[in-house]
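Worksheet: the structure to be examined is printed underneath.
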Amino acid sequence: MRVDLNSKRDGFKVVKRPINKIDPTELSLNDKLVYINRVSKVVKGGKRLSFSVLMVAGDGNGHVGVGVGKANEVPLAISKASTIAKKNLIKVRLAGNTIPHEILVKLGAAKVLLKPASPGTGLIAGGSVRAVVEAVGIKDILTKSLGSSNKVNVAKATILALSQLRDPKAELARRKGAPKGQEAVTGG
């Protein structure tokens, strides 16, 4: 999630506002359980068990979110993770059934490489990268998970990579300096 920082000097505190908040009630989201981790803590009376759950929520049409929920019971952890995933939705720029360009993102020790693929290639992805890419609705993509194999960090790195995708036409116009809506006029 990108955050807009409005700060003032002389003792005023920083106000953080989320940008591009997507309302999950307007979308028909599908939740997918990616991973359940059982955590045991040794206390004076014995072991105390808790659960950590990784969920992906997406509509198959360019919206996706990832959430991690923790609780003492699995159903409660699943509902927490689902709620968090729906709060953290992002919109992904797609080019047909694939992504517009190649991207490599590092988040912590997890690196994720996403490459566009020709039609008919299918999803070449594994683990939590596959779950996130399926939830977005991408049909053809080549991926590689490099570095850490931690499912939570790899899923978050995939979300970060998908959020950094740009529209090629808008990016080209920005680099050339031409306004988006107008074409350059040549004199002759």
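Values as computed for the structure displayed
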read-out	value
Lone qualifier among Val64, Val68 - being assigned to a strand (DSSP E or B), among the β-branched types (Val, Ile, Thr), within 21 Å of Ile138 (Cβ to Cβ) and modelled with pLDDT of 90 or more	Val64
Ala81 modelled with pLDDT of 95 or more and either farther than 12 Å from Asp140 by Cα or surrounded by 17 or more Cβ atoms within 10 Å (Cβ to Cβ) (or both)	yes
Test for Lys32: is it in a helix (DSSP H, G or I), in contact (Cβ under 8 Å) with a residue 60 or more places away in the chain, at negative phi and under 16 Å from the mean Cα position of the chain (by Cα)	no
Enumeration of residues in the stretch 75-93 that are of a type outside the set (Lys, Arg) and under 18 Å from Thr25 (Cβ atoms)	Ser79, Ser82, Thr83, Ile84, Ala85, Asn88, Leu89, Ile90
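The values are calculated or read from the model by the stated rules, or taken from the named source; none is laboratory data. Source: prediction; values computed, not measured. Backbone-built Cβ (ideal geometry, glycine too); neighbour counts: all protein chains shown.
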